[in-house]
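**Q** Just dropping this structure here.
The values are calculated or read from the model by the stated rules, or taken from the named source; none is laboratory data. These numbers come from a predicted model, not from an experiment. Every residue, glycine as well, gets a Cβ built from its backbone with ideal geometry; the counts of neighbours run over all protein chains shown. SASA here: full protein model, heavy atoms, side chains in, ligands and nucleic acids out. Shrake-Rupley method; radii C 1.70, N 1.55, O 1.52, S 1.80 Å.
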Amino acid sequence: MMKFGEFQAFMRRYFPTFLLGFFTCVMSGALSLAMWIDSHWRNHADNPLYTLMGTATLALLLCAGHFAMIRGLKWAMWVVLPVPLVALLMALSLLGSGLNTVLLAILLALPLLAMLVFNGKRHRQMRADLIALRAARS
């Protein structure tokens, strides 16, 4: 079990990395999905419903994946990583659609940043430490 000082050191080292990974996934997924739906189904009567249901599904998927990651489950990363990948593909499909260049650059940069954070040394070390903590609790 982790002592109080060890827990504080763990949180001080890894919590900002965890939050950066979570929020870049959320922002990239939500923005890409909203822009993609508004570009492709602009005049559809159920456009707001599709946007709401899509972002709610993404939020549940990301929350479940990150919660599983906190619990130290090895497969949790593979629940989270498809979100920025799909967001990147949606953003790439918007190239040439007449979308504002700055917004398109943000839509392309956020999923790339999310994948960079997940592949970073600190995030990998955090996941390994969480898996080791789960093994120690068992």
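**Q** From largest accessible area down, sort TRP36, TRP75; use a 1.4 Å probe on the protein chains.
**A** TRP75, TRP36
**Q** Further question: Whenever you get a sec, compute what percent of the accessible area on the stretch 1-60 sits on carbon and sulfur atoms (1.4 Å probe).
**A** Solvent-exposed carbon and sulfur of the stretch 1-60 make up 72 percent of the total.
**Q** Loop by DSSP (not H, G, I, E, B), at most 15 other beta-carbon atoms within 10 Å: where is the longest site-free stretch of the chain for trypsin sites (Lys or Arg not before Pro)?
**A** 72-138
**Q** Can you compute the helix-only [θ] at 222 nm over the chain? Use -39500 (n - 2.57) per DSSP H run of at least 4 residues, normalise by all residues, nearest 500 deg cm²/dmol.
**A** That calculation yields -28000 deg cm²/dmol at 222 nm.
**Q** On to the next question. Give, in nm to one decimal, the length gained when the segment between ALA45 and GLN8 is fully stretched (0.36 nm per residue of separation minus the Cα-Cα distance).
**A** Here the segment from ALA45 to GLN8 would lengthen by 8.3 nm.
**Q** Can you give me the long-range amide H partners of LEU81? Hydrogens built in the peptide plane at 1.01 Å from N, cutoff under 5 Å, separation of 5 or more residues or another chain.
**A** Under 5 Å from the amide H of LEU81 lies no amide H from a residue far enough along the sequence or on another chain.
**Q** Taking only Cα atoms, what is the 0 to 90° angle, nearest 10, from helix 82-93's long axis to the longest principal axis of the chain?
**A** 20
**Q** Also, I was wondering about something else. Hey, any idea what Rg/Rh is for the stretch 28-79, computing Rh the Kirkwood way over Cα pairs?
**A** 1.15
**Q** Rolling a 1.4 angstrom probe over the protein heavy atoms, how many square angstrom per residue are accessible across the stretch 31-138?
**A** 59
**Q** Applying 1/(1 + (r/R0)^6) with R0 = 30 Å to the Cβ-Cβ distance of LEU133 and ALA59, what FRET efficiency is obtained, to the nearest 0.05?
**A** Using R0 = 30 Å, I get an efficiency of 0.70.
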